[in-house]
Amino acid sequence: MRFSKALSRIKPSASIAASQRARELRAEGRDIIALSAGEPDFDTPEHIKQAAERAMAAGKTKYPPVSGIAELREAIVAKFKRDNHLEYSTREVMVSNGGKQVIVNALLATVDEGDEVIIPAPYWVSYPEMVNLCGGTPVIVKSSAENGFKLTGEQLEAAITPRTKWLMFNSPCNPSGAVYSPAEIKALTDVLLEHPQVGIISDDIYEHLVYGDTRFATPVEVEPRLRDRVLVVNGLSKAYAMTGWRVGFAAGPEALIKAMDKIQGQVTSGVNSIAQWAAVEALNGPQQFIAEWQQVFQQRRELVVSMLNDAEGIECQVPEGAFYAYPCCAALIGRTTPEGQRIESDEDFTKALLESEGVALVHGGAFGLSPNFRVSYAAAEEDLRNACERIQRFCASLS
Ligand code: PLP
């Protein structure tokens, strides 16, 4: 079989590969703690599962409309009004198989060969690959730890060309946990007001996971004049612990939503009808558990950040949101393991850590910014404490 050029343009997901390696080692009988996956360890709340059962029992099992059942699109409209003070009509929202499909739909609908998409690094591993798959050119702009891993207006201005189509914006950010304040967002939207060819794909999937005094804001709320060129991406996976249900959604200009609907209609059709009814309950039902989970994540964040900062050679900023920490291991590059292996990169670091202490993490190179690594703290406190002790022991063993 000769495979397509599109296939050769993409690489597999490093976070899925890390989780896979952890599973293999576990199957060999090794004691492994995997902090590599991007999903909450909580189960989907009972009232949401019950809504799915009711939908099944009521025979809601036929093909749903491509862009989502009317009840869910109405719930999404209400969510944007309630949480983000944004007014959308049901024709300006749609439902897809996770935030992932929303983004691919949007890129397929708008990106031609040679079109550029600005992606601030560190980035979610899938963004550049999605752009590559669609024939576009990812333009990676590295942020710095000094700047809280956030893109500045000057950096954005310098990266824009006449071929720029989109800025891929993600706050709270996977993997850094950075959350942009309204003022930091405004610095970016002010630049984009001067460049009418550039839109924003705002990936708000971690919206509800912000801690302490940090408040979530989304670009179109900060700068309503950009409404016609912003696609808001969101979904149920993270805040509602519904990763396996595969429900994401989008809000944006009607013409773009229509174009995305056309693509989805020829690829997957509407999202699983049962999952859509569960999503209606998730969005319209009680929201209290989100605040409770937020508290749990915040405690885990404090634990992980302080234990990582106690590890020899590791420096970890306090992430403001999501459930990731993104520590720097620059001081350990060039050191040697007790087995005689020299650590040349963050990838060497995470590989040696997995082999010697059984802790699975994802190296920063996969997210476009080294030498760092991502720790997912969406895991039980005992596992987090145990994993951090192992990381401390591993770092202390390097010479
Ligand atoms: N966006 C970001 C930044 C993510 O981290 C993820 C999942 O890891 C997604 C989007 C996609 O989530 P889903 O397709 O489950 O909605």
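The values are calculated or read from the model by the stated rules, or taken from the named source; none is laboratory data. Just so it is clear, the model here is predicted, and its values are computed rather than measured. Ideal geometry is used to build each Cβ from the backbone, glycine not excepted, and the neighbour counts take in all protein chains shown. Side chains are part of the model used for accessible areas, which takes the heavy atoms of the whole protein and leaves out ligands, DNA and RNA. Shrake-Rupley method; radii C 1.70, N 1.55, O 1.52, S 1.80 Å.
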Which residues qualify? For residue 121, with a placed amide H closer than 5 Å and at least 5 residues away or on another chain, they are 141, 142, 143
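Using Cα-Cα distances under 8 Å and only pairs 6 or more residues apart, what relative contact order does region 1-149 have, in percent?
Values: 115 pairs, mean separation 33.8, N = 149.
The value is 23 percent.
Please give the net charge around residue 381, taking every other residue with its beta carbon less than 13 angstrom from that of residue 381, where Lys and Arg add +1 and Asp and Glu add -1. Show your work: numbers first, answer last.
Details: positive: 300, 301, 385; negative: 41, 302, 382, 383, 389.
Here the charged neighbours net out to -2.
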Helix 182-193: inclination vs the chain longest Cα principal axis, degrees, rounded to 10, gives 60 degrees
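With a Förster radius of 25 Å, plug the Cβ-Cβ distance of residue 339 and residue 30 into 1/(1 + (r/R0)^6) and report the FRET value to the nearest 0.05. Spell out each step's value before the answer.
On the way: r = 16 Å, r/R0 = 0.64.
With R0 = 25 Å, the Cβ-Cβ based efficiency is 0.95.
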Largest-first ranking of 169, 216 by accessible area, probe 1.4 Å, whole protein assembly kept, is 216, 169
Residues whose modelled amide H sits under 5 Å from the amide H of residue 34, counting only those 5 or more places away in sequence or on another chain, are 360
The size of the Cβ-based charge dipole (Lys, Arg +1; Asp, Glu -1) of the chain about the Cα centre, to the nearest 20 debye, is 1200 debye
With the 8 Å Cα cutoff and a minimum separation of six or more residues, region 160-270 has a relative contact order in percent of 23 percent
SASA check, residue 118, accessible area w/ 1.4 Å probe, all protein chains in place, rounded to nearest 10 Å², comes out at 0 Å²
Quick calc, region 140-298, dipole around Cα centre from Cβ unit charges on Lys, Arg (+) and Asp, Glu (-), nearest 20 debye, gives 460 debye
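Apply the a/c threshold of 1.5 to the C-alpha gyration tensor of the chain and tell me whether it is rounded, prolate or oblate. Can you show the working numbers first?
On the way: a/c = 1.64, a/b = 1.34, b/c = 1.22.
It is prolate, given that a/c is not under 1.5 and a/b is the larger ratio.
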Sorting 228, 43, 213, 115 on solvent-accessible surface, 1.4 Å probe, most exposed first, gives 213, 228, 43, 115
Cross-link reach from residue 258 to lysines, straight Cα distance under 27 Å and at least 8 residues apart if same chain, gives 60, 62, 79, 81, 100, 165, 238
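For the chain, give me the percentage of DSSP beta bridges that are antiparallel, rounded to the nearest 5 percent.
On the way: 16 of 36 bridges.
If we restrict to bridges inside the chain, about 45 percent are antiparallel.
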Percent relative contact order for the chain, counting Cα pairs under 8 Å at least six residues apart, stands at 22 percent
Inter-part gap, Cα centre of region 255-334 to Cα centre of region 107-155, in whole angstrom, is 19 Å
Between the Cα axis of helix 98-110 and the main Cα principal axis of the chain, the angle (0 to 90°, nearest 10) is 70 degrees
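Starting from the Cα gyration tensor of region 182-257, take the square roots of the eigenvalues, sort them a ≥ b ≥ c, and report rounded, prolate or oblate (rounded when a/c is under 1.5, otherwise prolate if a/b is larger than b/c, else oblate). Could you put the intermediate results ahead of the total?
Details: a/c = 3.26, a/b = 1.36, b/c = 2.40.
Oblate.
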Descending accessible area (1.4 Å probe), largest on the left, turns 73, 91 into 91, 73
